[in-house]
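The values are calculated or read from the model by the stated rules, or taken from the named source; none is laboratory data. Since this is a predicted model, take the numbers as computed values, not measurements. Methodologically, a virtual Cβ is constructed for each residue, glycine included, from the backbone with ideal geometry; neighbour enumeration extends over all protein chains shown. In case anyone asks, the SASA skips ligands and DNA or RNA and just uses the protein heavy atoms, side chains included. Shrake-Rupley method; radii C 1.70, N 1.55, O 1.52, S 1.80 Å.
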Amino acid sequence: MNRKNADNKKQAPADSGAAFFQPSSPPQEEEDCAVCLEILPVDSNNFVRLTCCGKGVHLECRDGVMKSTMSDKQKSECIMCRAEHPRTEKKLLKRLRAWVKKGKAWAQAVLANAYSLGGHGLPQSYLMAVKLCGMAVKQGDPNAMFGLGTMYKKGQGVDQSYEKAAELYQM
(Lines give C-alpha, C1' and ligand atoms only; values in the text may rest on other atoms or scores of the structure.)
Protein backbone atom coordinates (compact mmCIF):
# COMPACT_ATOMS: atom_id res chain seq x y z
CA MET A 1 0.00 0.00 0.00
CA ASN A 2 1.51 3.32 -1.00
CA ARG A 3 1.54 6.41 1.24
CA LYS A 4 -1.33 8.06 -0.66
CA ASN A 5 -3.65 5.09 -0.15
CA ALA A 6 -2.54 4.58 3.45
CA ASP A 7 -3.67 8.11 4.33
CA ASN A 8 -7.07 7.54 2.77
CA LYS A 9 -7.58 4.29 4.68
CA LYS A 10 -7.09 6.06 8.02
CA GLN A 11 -10.18 7.34 9.73
CA ALA A 12 -10.68 10.45 11.79
CA PRO A 13 -11.33 9.68 15.46
CA ALA A 14 -14.86 8.39 16.06
CA ASP A 15 -15.89 11.46 18.05
CA SER A 16 -14.37 13.95 15.60
CA GLY A 17 -17.71 14.54 13.87
CA ALA A 18 -19.63 15.60 16.94
CA ALA A 19 -17.88 18.95 17.23
CA PHE A 20 -18.63 19.77 13.59
CA PHE A 21 -22.39 19.83 13.88
CA GLN A 22 -22.98 23.05 15.77
CA PRO A 23 -21.60 26.15 14.10
CA SER A 24 -19.90 28.34 16.68
CA SER A 25 -21.01 31.45 14.85
CA PRO A 26 -24.15 32.26 12.88
CA PRO A 27 -24.15 31.53 9.15
CA GLN A 28 -22.16 33.96 7.10
CA GLU A 29 -23.80 37.18 5.98
CA GLU A 30 -24.73 37.72 2.36
CA GLU A 31 -21.88 38.89 0.19
CA ASP A 32 -22.04 41.04 -2.92
CA CYS A 33 -20.36 40.35 -6.26
CA ALA A 34 -17.32 42.60 -6.65
CA VAL A 35 -18.39 43.46 -10.23
CA CYS A 36 -22.18 43.86 -10.36
CA LEU A 37 -22.77 44.34 -6.59
CA GLU A 38 -25.65 41.81 -6.62
CA ILE A 39 -25.82 39.16 -3.90
CA LEU A 40 -23.64 36.11 -4.48
CA PRO A 41 -25.29 32.67 -4.31
CA VAL A 42 -24.59 30.39 -1.36
CA ASP A 43 -23.38 27.56 -3.63
CA SER A 44 -19.71 28.20 -4.37
CA ASN A 45 -20.05 26.40 -7.70
CA ASN A 46 -21.85 29.49 -9.03
CA PHE A 47 -19.14 32.07 -8.36
CA VAL A 48 -15.38 32.38 -8.16
CA ARG A 49 -13.32 33.58 -5.24
CA LEU A 50 -10.39 35.90 -5.85
CA THR A 51 -7.59 34.45 -3.74
CA CYS A 52 -5.69 37.74 -3.57
CA CYS A 53 -8.31 39.88 -1.82
CA GLY A 54 -10.94 37.24 -0.98
CA LYS A 55 -13.76 38.89 -2.94
CA GLY A 56 -16.37 36.84 -4.77
CA VAL A 57 -17.47 37.33 -8.39
CA HIS A 58 -20.39 35.76 -10.29
CA LEU A 59 -19.28 33.42 -13.06
CA GLU A 60 -21.15 35.56 -15.58
CA CYS A 61 -19.38 38.69 -14.35
CA ARG A 62 -15.98 37.00 -14.59
CA ASP A 63 -16.80 35.81 -18.10
CA GLY A 64 -17.92 39.33 -19.02
CA VAL A 65 -14.60 40.76 -17.85
CA MET A 66 -12.69 38.15 -19.85
CA LYS A 67 -14.74 38.90 -23.00
CA SER A 68 -14.42 42.66 -22.57
CA THR A 69 -12.13 44.97 -24.53
CA MET A 70 -9.82 45.35 -21.51
CA SER A 71 -6.17 44.66 -22.24
CA ASP A 72 -4.69 41.25 -21.49
CA LYS A 73 -2.65 42.86 -18.71
CA GLN A 74 -5.83 44.19 -17.09
CA LYS A 75 -7.53 40.80 -17.45
CA SER A 76 -4.57 39.07 -15.78
CA GLU A 77 -5.01 41.19 -12.64
CA CYS A 78 -7.63 41.18 -9.91
CA ILE A 79 -10.40 43.65 -10.68
CA MET A 80 -10.45 44.72 -7.04
CA CYS A 81 -6.86 44.88 -5.76
CA ARG A 82 -4.90 44.66 -9.03
CA ALA A 83 -2.78 41.75 -7.79
CA GLU A 84 -1.71 39.41 -10.57
CA HIS A 85 -3.77 36.21 -10.81
CA PRO A 86 -1.75 33.16 -9.74
CA ARG A 87 -0.34 31.39 -12.77
CA THR A 88 0.75 28.22 -10.99
CA GLU A 89 -0.88 25.77 -8.60
CA LYS A 90 1.91 26.52 -6.11
CA LYS A 91 1.07 30.24 -6.04
CA LEU A 92 -2.65 29.51 -5.76
CA LEU A 93 -2.06 27.15 -2.82
CA LYS A 94 0.17 29.71 -1.12
CA ARG A 95 -2.64 32.26 -1.26
CA LEU A 96 -5.26 29.75 -0.12
CA ARG A 97 -3.15 28.66 2.83
CA ALA A 98 -2.69 32.29 3.86
CA TRP A 99 -6.49 32.70 3.96
CA VAL A 100 -6.85 29.41 5.88
CA LYS A 101 -4.32 30.69 8.41
CA LYS A 102 -6.47 33.82 8.81
CA GLY A 103 -9.42 31.55 9.62
CA LYS A 104 -11.52 32.19 6.50
CA ALA A 105 -14.16 29.49 6.12
CA TRP A 106 -14.38 29.81 2.35
CA ALA A 107 -10.64 29.07 2.04
CA GLN A 108 -10.88 26.13 4.43
CA ALA A 109 -13.71 24.67 2.33
CA VAL A 110 -11.84 25.20 -0.95
CA LEU A 111 -8.65 23.63 0.40
CA ALA A 112 -10.66 20.75 1.91
CA ASN A 113 -12.20 20.09 -1.49
CA ALA A 114 -8.75 20.12 -3.09
CA TYR A 115 -7.46 17.56 -0.56
CA SER A 116 -10.57 15.43 -0.98
CA LEU A 117 -10.12 15.26 -4.75
CA GLY A 118 -6.33 15.46 -4.86
CA GLY A 119 -6.65 18.72 -6.81
CA HIS A 120 -4.37 21.73 -7.31
CA GLY A 121 -1.34 19.44 -7.19
CA LEU A 122 -2.10 18.22 -3.65
CA PRO A 123 -2.02 14.54 -2.67
CA GLN A 124 -5.47 13.16 -1.94
CA SER A 125 -6.04 13.18 1.82
CA TYR A 126 -9.46 12.63 3.32
CA LEU A 127 -8.00 13.26 6.78
CA MET A 128 -6.94 16.79 5.81
CA ALA A 129 -10.26 17.31 4.03
CA VAL A 130 -12.21 16.30 7.17
CA LYS A 131 -10.07 18.56 9.35
CA LEU A 132 -10.46 21.59 7.09
CA CYS A 133 -14.18 20.99 6.49
CA GLY A 134 -14.69 20.72 10.23
CA MET A 135 -13.04 24.10 10.75
CA ALA A 136 -15.29 25.70 8.12
CA VAL A 137 -18.44 23.96 9.38
CA LYS A 138 -17.83 25.43 12.84
CA GLN A 139 -18.02 28.84 11.17
CA GLY A 140 -21.29 27.99 9.43
CA ASP A 141 -19.98 27.51 5.88
CA PRO A 142 -22.72 25.73 3.88
CA ASN A 143 -20.33 24.41 1.23
CA ALA A 144 -18.20 22.78 3.93
CA MET A 145 -21.36 21.29 5.48
CA PHE A 146 -22.19 19.70 2.15
CA GLY A 147 -18.61 18.48 1.65
CA LEU A 148 -18.34 16.97 5.12
CA GLY A 149 -21.80 15.44 4.75
CA THR A 150 -20.66 13.76 1.54
CA MET A 151 -17.57 12.38 3.28
CA TYR A 152 -19.79 10.90 6.02
CA LYS A 153 -22.15 9.49 3.41
CA LYS A 154 -19.26 7.79 1.58
CA GLY A 155 -17.13 6.99 4.64
CA GLN A 156 -14.19 9.02 3.34
CA GLY A 157 -11.80 9.79 6.20
CA VAL A 158 -14.55 9.16 8.78
CA ASP A 159 -16.72 6.21 9.77
CA GLN A 160 -19.65 6.05 7.36
CA SER A 161 -22.77 7.54 8.90
CA TYR A 162 -25.90 8.40 6.95
CA GLU A 163 -27.30 10.04 10.08
CA LYS A 164 -24.39 12.49 10.41
CA ALA A 165 -24.49 13.10 6.66
CA ALA A 166 -28.20 13.91 6.80
CA GLU A 167 -27.69 16.22 9.75
CA LEU A 168 -24.98 18.14 7.93
CA TYR A 169 -27.07 18.35 4.73
CA GLN A 170 -29.96 19.83 6.72
CA MET A 171 -27.97 22.51 8.58
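Selection over the stretch 81-140 of residues that are touching an Asp or Glu at 6+ places or on another chain (Cβ under 8 Å), outside any loop (DSSP other than H, G, I, E, B) and of a type in the set (Ser, Thr, Tyr) gives a count of 1. So for the stretch 135-145 (the condition being at pLDDT 95 or above and surrounded by fewer than 17 Cβ atoms within 10 Å (Cβ to Cβ)), does at least one residue qualify? Checked the stretch 135-145: no residue is at pLDDT 95 or above and surrounded by fewer than 17 Cβ atoms within 10 Å (Cβ to Cβ).
Determine, yes or no, whether Val100 is open to solvent by less than 60 Å² (accessible area, probe 1.4 Å), modelled with pLDDT of 95 or more and in contact with a Leu (Cβ under 8 Å, 6 or more places away or on another chain). Quick ask: steps written out before the conclusion?
Details: open to solvent by less than 60 Å² (accessible area, probe 1.4 Å): yes; modelled with pLDDT of 95 or more: yes; in contact with a Leu (Cβ under 8 Å, 6 or more places away or on another chain): yes.
The answer is yes for Val100.
Conditions (1) touching a Phe, Trp or Tyr at 6+ places or on another chain (Cβ under 6 Å); (2) farther than 14 Å from Arg49 by Cα; (3) among the charged types (D, E, K, R), marked per residue:
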site: Lys75; (1), (2), (3): no, yes, yes
site: Arg87; (1), (2), (3): no, yes, yes
site: Gly103; (1), (2), (3): no, yes, no
site: Ala107; (1), (2), (3): yes, no, no
site: Ala114; (1), (2), (3): no, yes, no
site: Gly155; (1), (2), (3): no, yes, no
site: Asp159; (1), (2), (3): no, yes, yes
site: Glu163; (1), (2), (3): no, yes, yes
site: Tyr169; (1), (2), (3): no, yes, no
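Go through the stretch 136-171 and report how many residues are free of Cβ contacts under 8 Å to residues at least 40 places away in the same chain, within 17 Å of Pro41 (Cβ to Cβ) and of a type outside the set (Gly, Ala, Ser). Going through the stretch 136-171 one residue at a time, the tally reaches 2.
Can you name the condition, by its number, that Ala34 falls short on among (1) in contact with a strand residue (DSSP E or B) (Cβ under 6 Å, 6 or more places away or on another chain); (2) of a type outside the set (Val, Ile, Thr); (3) modelled with pLDDT under 50? Every condition holds for Ala34 apart from (3). Considering only the stretch 60-81, I want to know if a residue exists there that is modelled with pLDDT under 95, of a type outside the set (Val, Ile, Thr) and within 17 Å of the chain's Cα centre (by Cα). Within the stretch 60-81, not a single residue is modelled with pLDDT under 95, of a type outside the set (Val, Ile, Thr) and within 17 Å of the chain's Cα centre (by Cα).
Looking across the stretch 37-59 at every residue that is polar (S, T, N, Q) and in a helix (DSSP H, G or I), the one that is nearest to Lys102 (Cα to Cα) is identified as Ser44.
Only one of the listed residues (Cys33, Cys61, Cys53) is under 26 Å from Gly119 (Cα atoms), in contact with a His (Cβ under 6 Å, 6 or more places away or on another chain) and surrounded by 13 or more Cβ atoms within 10 Å (Cβ to Cβ). That residue is Cys33.
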